[in-house]
Amino acid sequence: MLELPTISVPPSHSADIVLPLHPRVPARLERVIVVGASTGGTEALKDLLLPIPAHAPPILIAQHMPELFTKSFAERLNSICKITVKEAKQGERILPGHAYVAPGHSHLLLAGSPGSYVCELSQAPPVNRHRPSVDVLFRSAANVGGRNIFGVILTGMGRDGAQGMRELHDAGAYNIAQDAASCVVFGMPKEAIALGGVNEILPLREIAARLMVLVTKFGG
């Protein structure tokens with residue numbers, strides 16, 4: 001498949017423009033998986049989602065991609081995956097067995113509360129030169145989900161997602177980074193690892209199975 005280009009729209013902004021970091025997040029019962037990717041991510045996401053069972057927790061995805069492609073990308077994944085994959089819509093209820101892809105024109109945020117999570121879309125300025133931004137998604141999940149969250153950072157150029165993954169980690173989430181050998185570009189995982197926000201580094205082919213083990217282990 002032809003790799004779609006990443007969004008590169010100056011100026012660069014902090015995720016603080018979109019939402020501040022919540023100081024403390026209590027433990028909850030409901031689990032959510034959040035995923036960030038850029039260069040090489042379209043194929044990596046396919047490999048990640050294909051093995052995910054239909055009863056899995058909901059998954060929110062920020063993939064750097066132009067807005068004309070995100071809907072068709074989600075539809076293609078939906079046609080081959082056990083879970084339902086769709087482009088996220090504003091205010092949409094987040095359900096188990098579903099994956100929600102950020103539209104190319106908006107940041108995707110996890111909003112609401114455990115048991116009643118919803119998708120929130122924002123057209124705030126690009127963060128790390130990207131909209132959607134992985135940092136924005138991860139920070140929102142840290143704010144409302146804390147240790148109910150499992151974070152995954154996949155192949156990609158740059159550092160988008162590194163700070164957000166550290167904030168997830170500090171809020172009690174469990175985070176996985178794709179390893180260098182299976183990445184097209186090791187930039188984003190490498191930066192997240194360097195900031196100390198990653199619990200495990202795994203080959204792409206092992207991440208889905210590990211997530212399901214973790215969900216079961218932590219009572220998801």
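The values are calculated or read from the model by the stated rules, or taken from the named source; none is laboratory data. What you see is a predicted model, and the numbers here were worked out from it, not measured in a lab. Every residue, glycine as well, gets a Cβ built from its backbone with ideal geometry; the counts of neighbours run over all protein chains shown. Surface areas here come from the heavy atoms of the whole protein model, side chains and all, with no ligands, DNA or RNA. Shrake-Rupley method; radii C 1.70, N 1.55, O 1.52, S 1.80 Å.
A few remarks follow.
- Percent antiparallel among DSSP beta bridges (both partners in the range 28-218, rounded to 5): 25
- Loop-located chymotrypsin sites (Phe, Trp or Tyr not before Pro) in the range 98-185 (DSSP state not H, G, I, E or B) with no more than 16 neighbouring Cβ atoms inside 10 Å do not occur.
- In the range 24-105, trypsin sites (Lys or Arg not before Pro) in a DSSP loop with at most 10 other beta-carbon atoms within 10 Å: ARG24
- Accessible area ranking (1.4 Å probe, heavy atoms, ligands and nucleic acids excluded), largest first, for MET157, MET165: MET157, MET165.
- Spin-label model, LYS82 to GLU67: label points 7 Å out along the Cα-to-beta-carbon direction sit 3.6 nm apart.
- In the range 37-96, GluC sites (Glu not before Pro) in a DSSP loop with at most 15 other beta-carbon atoms within 10 Å: none
- Residues ASP179, ASP170, ordered by accessible area of protein heavy atoms at a 1.4 angstrom probe radius and largest first, appear as ASP170, ASP179.
- Expressed as a whole percent, the accessible area of the chain that falls on carbon and sulfur atoms is 57 (1.4 Å probe).
- A probe of 1.4 angstrom, applied to the heavy atoms of all protein chains, finds HIS55 with accessible area near 150 square angstrom.
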